[in-house]
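Some notes on the structure that comes next.
The values are calculated or read from the model by the stated rules, or taken from the named source; none is laboratory data. None of the values given here were measured: they were computed from a predicted structure. Positions of Cβ are generated from backbone atoms using ideal geometry, with glycine treated the same way; all protein chains shown enter the neighbour counts. Side chains included, ligands, DNA and RNA excluded: accessible areas come from the protein's heavy atoms. Shrake-Rupley method; radii C 1.70, N 1.55, O 1.52, S 1.80 Å.
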Amino acid sequence: MEEDYPRTLIEFEKRFSTETGCTDYLINLRWPEGFRCPNCGADTSWRTARAQFHCTQCETQTTITAGTIFHRTRKPLSLWFRAMWHITGQKYGANALGLQRVLNLGSYNTAWQWLHKLRRAMVRPGRDRLSGVLEVDETYVGGKKAGKRGRGAAGKALVGIAVEDKGYEGIGRIRLWHLEDASGDKLTQFIQGIAQPGSTIRTDDWPGYNRLSESGLNHTVLPSHDLKLAHLVVSLLKRWILGTYQGSVKPSHLVYYLDEFTFRFNRRTSASRGKLFYRLVQQAMMVDPAPVSSLKGVALPFLEGADNTNLDPIDDNQDHKI
Ligand SMILES: [Zn+2]
């Protein structure tokens, strides 16, 4: 399917200021070949008055947003589209306060939840694995003191980094992973999860990497200072966390931030904001719905210049309101 996205703000406003415009866009993304019943696979349906698809074979009714992050939203889709347009336009990452202002949302909490849902959508389920030659390293982020490898450090989180080396073309895609520790178990699991079998993995001589050659991967050990691509990504990641989150990242939020960084980094050459927007909507249609219950246990985010105690607490029933 040809990639269909707005090129300018005017185009965006023209297409997505109505619910019909947004719904039609989602329908084309989800069923480019036309309706498919998620229950029985039939391709014939009629539209109900509430814009649901009624399968003529099994009588199941489906909404276009079922099973996506827009599932059961009470807010108009046009507002979600605005949120996605805003987020893809923020070069250094979006924050909940900015989103709340732009959407004119009454509740900071809603903005925060939307941002987290959309960050989750930034990583495509079942996405391709990295392949070819990869550099892999780990680093600590957050906190003030330097961490000791393999032993952990208070207030810091360990992040695994994998970077494709494309030779003369430079850096390819990256993957970031929140690691529990730098043990052989965790590192091997991380690398097996992101690398195509047969890939060549370059690491330093940390013993945690010793089992890679047993798992269908080629392993090359280099002096640490030769892992230049991985180190470059680490420094960009740290600068980004400092600039966007003032260096303060709660470990429970880290995966979302890593997803956002990965999304932006891997699309750094898509010059067009519209293209980023297209990818985000596309991926938002593919993920499981993220009910607020799955975001619970996640403390409210650090907010620059604001007093967190004034924020609405997360309410169990919030999911029904947003
Ligand atoms: Zn059906």
message: Condition first: modelled with pLDDT of 90 or more and open to solvent by 70 Å² or more (accessible area, probe 1.4 Å). Now tell me which residues in the range 29-43 satisfy that.
response: 43
field: Odd one out for residue 282, checked against (1) modelled with pLDDT under 90; (2) under 21 Å from residue 80 (Cα atoms); (3) open to solvent by less than 10 Å² (accessible area, probe 1.4 Å)
entry: (3)
statement: Within the range 25-74, the count of residues that are more than 14 Å from the ligand (Cβ to nearest atom) and on the phi > 0 side of the Ramachandran plot comes to 3
- prompt: What single numbered condition from (1) modelled with pLDDT under 95; (2) open to solvent by less than 20 Å² (accessible area, probe 1.4 Å); (3) closer than 23 Å to residue 132 by Cα fails to hold for residue 203?
  reply: (1)
message: Out of everything in the range 66-85 that is under 12 Å from residue 102 (Cα atoms) and more than 17 Å from the chain's Cα centre (by Cα), what residue ends up being surrounded by the fewest Cβ atoms within 10 Å (Cβ to Cβ)?
response: 79
